[in-house]
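Novice: Mind having a look at this structure? Questions to follow.
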């Protein structure tokens with residue numbers, strides 16, 4: 001017999017307070033977690049409102065932490081960060097605010113380092129094919145095309 005665990009609103013609320021305290025979460029993650037816990041829509045709304053009021057859940061804070069982390073650790077460009085935040089249903093205001101967390105000098109320095117490193121890794125003798133491979137890699141990671149091609153023209157000629 002498969003017994004399904006059920007939760008009272010208070011139990012679920014405590015679990016989600018811990019879930020949100022552990023690391024920043026977006027509203028979408030929290031709602032999905034509550035749905036998996038088989039909570040009814042009214043309970044989900046009640047719990048989400050409680051988490052926001054108690055400052056466990058804050059969209060803008062999540063967006064800023066997400067942008068900083070993905071840029072510093074995964075070296076993602078702004079396009080990829082924006083795409084991922086939109087996927088998580090983050091508001092345009094919070095996305096714009098999050099992008100301000102990325103220092104422009106660091107941004108350009110990181111693009112430079114990534115490009116130099118990737119150029120060294122690509123074992124292609126044809127200059128145009130090499131440029132394309134490096135550009136594809138950088139574009140996939142969310143770097144803006146104008147910056148990518150500017151950097152490649154500066155480094156590969």
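The values are calculated or read from the model by the stated rules, or taken from the named source; none is laboratory data. Treat the numbers as computed from the prediction; the structure is a model and nothing was measured. Glycine also receives a Cβ, built like all others from the backbone with ideal geometry; neighbour counts cover every protein chain displayed.
Novice: Looking for something within 17 Å of the chain's Cα centre (by Cα) and either surrounded by fewer than 16 Cβ atoms within 10 Å (Cβ to Cβ) or without any contact (Cβ under 8 Å) to a residue 24 or more places away in the chain (or both) - is there at least one such residue anywhere in region 103-126?
Specialist: For region 103-126, residues within 17 Å of the chain's Cα centre (by Cα) and either surrounded by fewer than 16 Cβ atoms within 10 Å (Cβ to Cβ) or without any contact (Cβ under 8 Å) to a residue 24 or more places away in the chain (or both): present.
Novice: Looking only at region 22-49, which residues are surrounded by 12 or more Cβ atoms within 10 Å (Cβ to Cβ) and more than 18 Å from residue 63 (Cβ to Cβ)?
Specialist: 33, 34, 35, 37, 38, 39, 43, 44, 45, 46, 47
Novice: Looking at region 56-81, which of its residues are part of a helix (DSSP H, G or I) and either surrounded by fewer than 18 Cβ atoms within 10 Å (Cβ to Cβ) or touching a residue at least 40 places away in the same chain (Cβ under 8 Å) (or both)? Reasoning before the result, please.
Specialist: Quick first cut of region 56-81, residues part of a helix (DSSP H, G or I) only: 59-72, 78-81.
Once the filter is applied, which keeps residues that are part of a helix (DSSP H, G or I) and either surrounded by fewer than 18 Cβ atoms within 10 Å (Cβ to Cβ) or touching a residue at least 40 places away in the same chain (Cβ under 8 Å) (or both), region 56-81 yields 60, 61, 65, 66, 68, 69, 72, 78, 79, 80, 81.
Novice: Can you tell me which condition residue 93 does not meet? The list is (1) within 16 Å of residue 67 (Cα to Cα); (2) at pLDDT below 95, and all the others hold.
Specialist: (2)
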